[in-house]
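Colleague: The structure's right below; bear with me while I get my questions together.
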Amino acid sequence: METSEHSEVPLIGRDLSWGAIEGQYCRVKHFTPFAIVESGKVKEVSRTLPYASLLVECPKAFEEASMPVIHKLDFRNLWEVFMERKVYGDTRDYGVSTEMEVLVVYAPLKRRKLAKLFSGVLPSLVIQLYPKGSLERLEGKPDTGLSAEEYLKSLLPIAEWDARPEELK
């Protein structure tokens, strides 16, 4: 599963617990798909690999880590962000944009007993598109070069993808 971009960093779920990043904003630095979307349907390349891997930076928990994408709907949403919207430009290079950043939050469903029972099979990533530098502002490091209106606007995502069932959030 590990690629050259991700091989030197800890793997979430193996080296780091998912609980360490629960509810935390993580900046996606690189997206490595192991599946594809054709005609709107996700096609797995291998049943032994996750759908994708994200190289993420989560300032409150660690510098960088590799995050496996293990749910089909989470992958479909990430595919839309990176491949269909081409957030980071050239579709062959899923690295860092100069104008926008993608933040993910691991937010498993916990409110109801039924949700807890099926939390491993339900999507758990909230994916948000922000202007570049928003992670620092969301973490409480204000940019003094922004007006109050610009600062407040920068705290709102440009777009959001959340495949978790509405009634279980």
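The values are calculated or read from the model by the stated rules, or taken from the named source; none is laboratory data. Owing to the predicted nature of the structure, the values given are computational and were not obtained by experimental measurement. Counting neighbours? That spans all protein chains shown, and the Cβs are built from the backbone with ideal geometry, glycine included.
Colleague: Find all pairs meeting these conditions: Cβ atoms under 7 angstrom apart; at least six residues apart or on different chains; first residue within region 7-36 and free of Cβ contacts under 8 Å to residues at least 40 places away in the same chain; second residue assigned to a loop (DSSP other than H, G, I, E, B).
Modeller: Partner pairs satisfying both residue conditions: F34/V45; F34/S46; F34/L49; F34/P50; F34/Y51.
Colleague: What strands (runs of 3 or more DSSP E) lie completely within region 1-75 and have 2 or more residues being surrounded by 15 or more Cβ atoms within 10 Å (Cβ to Cβ)? Working first, answer last.
Modeller: Details: elements: 25-33, 35-38, 41-44, 52-58, 62-69.
Where strands (runs of 3 or more DSSP E) fall fully within region 1-75 and carry at least 2 residues being surrounded by 15 or more Cβ atoms within 10 Å (Cβ to Cβ), they are 25-33, 35-38, 52-58, 62-69.
Colleague: Here is a follow-up. Can you find, within region 14-35, the residue that is nearest to the chain's Cα centre (by Cα) among those that are among the aliphatic types (A, V, I, L, M) and closer than 12 Å to V105 by Cα? First the steps, then the outcome.
Modeller: Our first condition is that a residue be among the aliphatic types (A, V, I, L, M); within region 14-35, this holds for 16, 20-21, 28, 35.
From the residues that got through so far, the ones that are closer than 12 Å to V105 by Cα too are 20-21, 28.
Working: A20: 15, I21: 11, V28: 6 Å.
Result: V28.
Colleague: A further question follows. Please count how many residues of region 44-60 are at pLDDT 90 or above, in contact with a strand residue (DSSP E or B) (Cβ under 7 Å, 6 or more places away or on another chain) and not small (G, A, S).
Modeller: To start, the set of residues in region 44-60 that are at pLDDT 90 or above comprises 49-57.
Remaining after also requiring in contact with a strand residue (DSSP E or B) (Cβ under 7 Å, 6 or more places away or on another chain): 50-57.
From the residues that got through so far, the ones that are not small (G, A, S) too are 50-51, 54-57.
Of the residues in region 44-60, 6 are at pLDDT 90 or above, in contact with a strand residue (DSSP E or B) (Cβ under 7 Å, 6 or more places away or on another chain) and not small (G, A, S).
Colleague: Right, here's the next one. Scanning region 1-26 for residues that are of a type in the set (D, E, K, R) and at pLDDT 85 or above, which turns out nearest to R47 (Cα to Cα)? Can you show your working first?
Modeller: Initially, region 1-26 is screened for residues of a type in the set (D, E, K, R), giving 2, 5, 8, 14-15, 22.
Okay, now just the ones that are also at pLDDT 85 or above, so 14-15, 22.
Numbers: R14: 18, D15: 22, E22: 26 Å.
Of everything passing the filter in region 1-26, R14 is nearest to R47 (Cα to Cα).
Colleague: Here's a follow-up. Which pairs turn up if I take residues in region 61-83 that are at pLDDT 90 or above and look for partners that are part of a helix (DSSP H, G or I) with beta carbon separation below 8 Å, at least 6 apart in sequence or on another chain?
Modeller: What qualifies is V69/F75; V69/L78.
Colleague: Please find, among T91, T32, the residue that is modelled with pLDDT of 90 or more and either under 26 Å from L155 (Cβ atoms) or of a type in the set (S, T, N, Q) (or both).
Modeller: Numbers: T91 fails: modelled with pLDDT of 90 or more.
Being modelled with pLDDT of 90 or more and either under 26 Å from L155 (Cβ atoms) or of a type in the set (S, T, N, Q) (or both) holds for just one of T91, T32, which is T32.
Colleague: Further question: Looking at E136, E150 in this structure, which one is at pLDDT below 80 and of a type in the set (D, E)?
Modeller: On the way: E136 fails: at pLDDT below 80.
None of the others qualify; the one that does is E150.
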